[in-house]
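No lab work stands behind these numbers, since they all come straight from the coordinates. Please read all numbers here as calculations on a predicted model, not as lab measurements. Note that we place each Cβ from the backbone using ideal geometry, even for glycine, and neighbour counts take in every protein chain shown.
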Amino acid sequence: MTTTTKPAAPVAAARGRRPGGGALALRQGRLEITQFLRSRESVVFTMGFPVIMILIFAAIFSDEIAPGVSYTQYFITGMIATGLMTVSFQNLGIWIPIERDRGVLKRYRGTPMPKWVWFAGKVLMVVAIGIAETALLLAVSVALFDLTLPDTAARWLTFGWVAVLGVTACTLCGIAISSLARTARSGSAVVTPVALVLQFISGVFFVFTSLPSWMQQVAALFPLKWMCQGLRSVFLPDSFGAQEPGGSFELGRVALVLGLWCVIGLVLCLTTFRWTTKRDG
Amino acid sequence: MDDELAISVRGLRKAYGDNLAVAGVDLDVHRGEVFALLGPNGAGKTTTVEILEGYRRRDAGEVRVLGADPAHPDSGWRSRVGIVLQGTGEFDELTVAEVVRHFAGFYPDADDPEKVIERVGLGAKARARTHTLSGGQKRRLDVALGIVGRPELLFLDEPTTGFDPEARREFWDLIRDLSAAGTTIVLTTHYLDEAEALADRVGVIAAGRVVEVAPPNRLGNRQEALATVSWRTPEGTPELAETATPTALVAELAARFGGEVPGLTVTRPTLEDVYLRMIGH
């Protein structure tokens, strides 16, 4: 072992080609979905929690809150919005710190994978689980609690854009808030209280207009209140719009606030995202 | 820049606050060489290597790795560099085969995943979820992910920590195989026997500086160092002499005792002796 040079490795001459960016992103999405589905806790927590909440609340409260609108219907729209927030904001805000702490992110950074592919994988996972989650909630609600599915194309369209804008804002905020957690375990300590408080003040568990007005004003600063309101316009009769704080469903304002949160979330992601833990430099 | 050099470092410096972790490192690693970086914890080994791997920014100095500045890694460069970090990146819910196959997809000229799994000795575990692997088996998976892209240059940060002696020997054979195929290998290690068994040259790093670079058998002028001859007098008292001519001394002792010399040993400083002296013990 005294020689210091050996024949050099063949330099990149006849290299093959790896899959293109789109294919890499799809592969990454599939891997993320597989990981999610195999982790029993996330499936139970994310998919099961909203269904269980609907079953419990529907069994406790059955009165009408307005002509032709039962509390159950009101609550279900809130839980669909909550479900969308859970798969995006909570899911990412809890799991990304764990992966960062374990060094999974650092390992990806050491490969030729383009950075955006990793984010695309997370987004594909959120979208797939979000669709499955919403379908499950709708199926349960239609079968057991007389929820009627939207009957016009316009309502489906509203459902679509409220869900897309809401999930986008919550996904970006989830990625952004993941950088606040310093260890794997603190992710859920950071995210869960935020999510829970938002649910209480945004009109998920209680009829929004029955909350103190200062609480309504605080809630109006965050996306969940607007997601709930947008979804009420999809599933509740048009006449219920008069019961909203603004006297209508205010869809323009829903779009504006959710759009603003997309921008805020994106800026926070771009400025704060870390691939490694603090102690890792 | 010399094409024979895989790595060239001049005046590398990196501080964390007031703590100067790397205080002016100069280093050359030839193509095809196995280079071991040896040093105590906190000597600046990992910081140096992580700068070379493109994970950390340097404060000052000139660094070329495979002809490029690792501070700006692009995906072409990443696909030529393999990295095995210290204890990173567990994918609990996935199987060994799934993880290796997924990472193979990031590289333009990846090796056959099944072959790589066999090569690191995980053939029997290919279908096992990674969280069921032992510490040593997880390390083998780390190595598999480091080599699956067929790198020209492979970094190994304390690769055999947690290996039993047999696994360690198998790993050494793997490194020799890779080296024989022309891969340049840079490894950091605490184990002197590992450096001695594998490395063409050893760099000793202490307090942020490279103290010496030499083939392991010549480190600290080991070959020229005085030999220690020890024996017992007829009364049983141990005697000890340091000499440049141990053979002559042994012949003289043999003549004096008229045959066997009681308790005779002849030793030279071990790599460990030399190393401990260098790092200031």
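What to note about this one:
- The stretch between A:Leu26 and A:Leu268, if pulled fully straight at 0.36 nm per residue, gains 84.6 nm over its current Cα-Cα span.
- Remark: mean inter-chain Cβ contacts per residue of A:98-111 equal 6, using a 10 Å Cβ-Cβ cutoff to other protein chain atoms.
- Across peptide B:21-30, the mean count of Cβ atoms from other chains lying within 10 Å of each residue's own Cβ comes to 1.
- With 20 Å bins from 0: P(r) over the protein assembly as shown, alpha-carbon pairs, percent: 18, 39, 25, 13, 4, 1
- Across all Cα pairs in the stretch B:227-278, the calculated P(r) in 10 Å bins from zero up to the longest distance comes to 24, 48, 21, 8, 0 percent per bin.
- Binned Cα-Cα distances of the stretch B:92-158, short to long, each 5 Å bin given as a whole percent: 4, 20, 32, 25, 15, 5, 0
- Neighbours of A:Gln35 by Cβ distance under 9 Å: Lys/Arg scored +1, Asp/Glu scored -1, total -2.
- Taking every DSSP beta bridge that has both ends in the stretch B:82-191, the antiparallel portion is near 10%.
- For chain B, the relative contact order is 21 percent, taking Cα pairs closer than 8 Å that sit 6 or more residues apart in sequence and dividing their mean separation by the residue count.
- For chain A, adding -39500 (n - 2.57) for each run of n ≥ 4 DSSP H residues and dividing by the number of residues yields -21000 deg cm²/dmol at 222 nm.
- Per-residue mean of foreign Cβ neighbours for B:151-159 is 1 (Cβ atoms of other chains, 10 Å radius).
- Fewest-first sequence of A:Met125, A:Met53, A:Met215 by Cβ atoms within 10 Å of each Cβ: A:Met215, A:Met53, A:Met125
- About its Cα centre, the dipole of the stretch A:21-274 is roughly 1520 debye, where the only charges are +1 on Lys and Arg Cβ and -1 on Asp and Glu Cβ.
- Förster radius 30 Å - calculated FRET efficiency between A:Leu136 and B:Arg129, Cβ distance, rounded to 0.05: 0.70
- Residue exposure sequence - B:His102, B:His72, B:His190, B:His131 - by fewest surrounding Cβ within 10 Å: B:His72, B:His131, B:His190, B:His102
- Two numbers describe the Cα atoms of the stretch A:21-274: Rg and Dmax, which are 18.3, 60 Å.
- Packing here is the average count of other Cβ atoms within 10 Å per residue, and on that basis the peptides A:115-124, B:254-263, highest first, run A:115-124, B:254-263.
- Counted by neighbouring Cβ atoms within 10 Å, the residues A:Val207, B:Val63, B:Val211 run from fewest to most as A:Val207, B:Val211, B:Val63.
- Short-range pairs are left out: with C-alpha atoms under 8 Å and at least six residues apart, the relative contact order of the stretch B:227-278 is 44 percent.
- Value of relative contact order over the stretch A:124-271, rounded to a whole percent, pairs C-alpha under 8 Å and six or more apart: 31
- Based on the convex hull around the alpha carbon atoms, the stretch B:5-216 presents an average projected area of 11.1 nm².
- Taking Cα centre as origin and charging only the Cβ of basic (Lys, Arg, +1) and acidic (Asp, Glu, -1) residues, the dipole magnitude of the stretch A:132-281 rounds to 740 debye.
- Leading residue at positive end of dipole, the stretch A:21-274 (Cβ point charges), from A:Met79, A:Asn91, A:Leu236: A:Asn91
- 13 Å tail of the calculated P(r), the stretch A:97-145, as % of Cα pairs: 69
- Tail weight of P(r) past 14 Å, computed on alpha-carbon pairs of the stretch A:192-268, percent: 62
- Rounded to the nearest 5, the antiparallel percentage of DSSP beta bridges internal to the protein assembly as shown is 65%.
- Farthest toward the positive end of the dipole of the protein assembly as shown, out of A:Leu55, B:Gly121, B:Val202, is the Cα of A:Leu55, where the dipole comes from beta carbon charges about the Cα centre.
- Dipole axis of the stretch B:1-136 (+1 Lys, Arg; -1 Asp, Glu on Cβ), positive-most option in B:Ile7, B:Val99, B:Thr132: B:Thr132
- Amide H within-cut-off set for B:Asp59, under 5 Å, with H built and near neighbours excluded: B:Arg13, B:Lys14, B:Ala15
- Highest mobility in the GNM of chain B, judged by mean-square fluctuation with C-alpha springs under 10 Å and restricted to B:Ala214, B:Ala36, B:Ala180, is found for B:Ala180.
- Fluctuation leader among B:Pro151, B:Pro234, B:Pro159 - chain B, Gaussian network, Cα springs under 10 angstrom: B:Pro234
- For the residue pairs A:Lys106/B:Lys45; A:Lys122/B:Lys115; A:Lys106/B:Lys125, the C-alpha atoms sit more than 26 angstrom apart in A:Lys122/B:Lys115.
- Taking the Cα centre of the protein assembly as shown as origin and assigning +1 to Lys and Arg Cβ atoms and -1 to Asp and Glu Cβ atoms, the resulting dipole is close to 900 debye.
- Under Karplus coefficients 6.51, -1.76 and 1.60, residue-wise ³J(HN,Hα) of the stretch A:233-238 in Hz, glycine/proline x: 5, 7, 9, 9, x, 3
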